[in-house]
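Engineer: Below is one structure. I have some questions about it.
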């Protein structure tokens, strides 16, 4: 089992490199940002926004050598408000403004649909796994499982469920092994994308 620690501010740059590499071939981001040059321009700012937001309104766990990142929001903070965006430097909005008009429209349309699903499926307070990424050079060593464990334990002890979405079918089996159940499956034909919504109950 890997030693897991909260991400330090001094490690944010390294965490962004890890998340960018981990999601380089992610089906959702390739669908939203099909041009690789645009993807390379946008993703570091987006992951910085996710990391900073989750540090303030949740927890970001990593390994001592920052080979993987698990970014969670605490119950009640899964949906960024204007005030929360202000407090985190508008980094998430900045990443969207770096997108081309077509990519921005795809992103906004898809995120609105996913957000509606999220709110419908999980109206109660819950931990939300915003991102789980392991450096490609270190995948297959159990790091992802180790990164999840502290927050899953914390959520269970406090009586809160955990929720996530994944756009990769093989991830469904991985999350099942961590105690998640398939809650809902959705299709977004306009970007040829499937979405699996998963829940880890309180018991």
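Engineer: For the structure I just gave you, tell me whether residue 163 is at pLDDT 95 or above and in a strand (DSSP E or B). Lay out the reasoning, then the answer.
Structural biologist: Numbers: at pLDDT 95 or above: yes; in a strand (DSSP E or B): yes.
Yes; evaluated as a whole, the condition is true for this residue.
Engineer: Separate question: Select from segment 142-159 the residues that are without any contact (Cβ under 8 Å) to a residue 60 or more places away in the chain and either closer than 17 Å to residue 50 by Cα or surrounded by 13 or more Cβ atoms within 10 Å (Cβ to Cβ) (or both) and list them in ascending order.
Structural biologist: 145, 152, 154, 155, 156
Engineer: I'm trying to understand the selection: among the residues of segment 160-203, which are loosely packed, with under 14 Cβ neighbours inside 10 Å, without any contact (Cβ under 8 Å) to a residue 24 or more places away in the chain and either under 17 Å from residue 70 (Cα atoms) or touching a strand residue (DSSP E or B) at 6+ places or on another chain (Cβ under 9 Å) (or both)?
Structural biologist: 176, 181, 182, 185, 187
Engineer: Among (1) in a helix (DSSP H, G or I); (2) out of contact with any helix residue (DSSP H, G or I) (no Cβ under 7 Å at 6 or more places or on another chain); (3) surrounded by 13 or more Cβ atoms within 10 Å (Cβ to Cβ); (4) free of Cβ contacts under 8 Å to residues at least 60 places away in the same chain, which single condition is residue 94 missing?
Structural biologist: For residue 94, the exception is condition (2).
Engineer: I'd like the full set of residues that are part of a helix (DSSP H, G or I) and either closer than 21 Å to residue 143 by Cβ or at pLDDT 95 or above (or both), limited to segment 170-203. So that I can check it myself, show each step before the final result.
Structural biologist: So in segment 170-203, the residues part of a helix (DSSP H, G or I) come out as 170-177, 189-191.
Those that are part of a helix (DSSP H, G or I) and either closer than 21 Å to residue 143 by Cβ or at pLDDT 95 or above (or both): 170, 171, 172, 173, 174, 175, 176, 177.
Engineer: Which ones in segment 51-63 are more than 14 Å from the chain's Cα centre (by Cα) and more than 16 Å from residue 137 (Cβ to Cβ)?
Structural biologist: Residue satisfying the conditions is 56 alone.
Engineer: Any residue that is touching a helix residue (DSSP H, G or I) at 6+ places or on another chain (Cβ under 7 Å), crowded, with 19+ Cβ neighbours inside 10 Å and outside any loop (DSSP other than H, G, I, E, B) - is there at least one of those in segment 76-89?
Structural biologist: no
Engineer: Same structure again: Determine whether residue 88 is under 27 Å from residue 4 (Cβ atoms) and modelled with pLDDT of 95 or more.
Structural biologist: On the way: under 27 Å from residue 4 (Cβ atoms): yes; modelled with pLDDT of 95 or more: no.
Answer is no for this residue.
Engineer: Does residue 99 meet the test of being touching a residue at least 24 places away in the same chain (Cβ under 8 Å), assigned to a strand (DSSP E or B), touching a helix residue (DSSP H, G or I) at 6+ places or on another chain (Cβ under 6 Å) and farther than 17 Å from residue 22 by Cβ? Reasoning before the result, please.
Structural biologist: On the way: touching a residue at least 24 places away in the same chain (Cβ under 8 Å): yes; assigned to a strand (DSSP E or B): no; touching a helix residue (DSSP H, G or I) at 6+ places or on another chain (Cβ under 6 Å): yes; farther than 17 Å from residue 22 by Cβ: yes.
So residue 99 does not fit the description; no.
The values are calculated or read from the model by the stated rules, or taken from the named source; none is laboratory data. In this text the structure is predicted, and so the values were computed from the model without any measurement. No Cβ is skipped: glycine too gets one built from the backbone with ideal geometry, and neighbour counts run over all protein chains shown.
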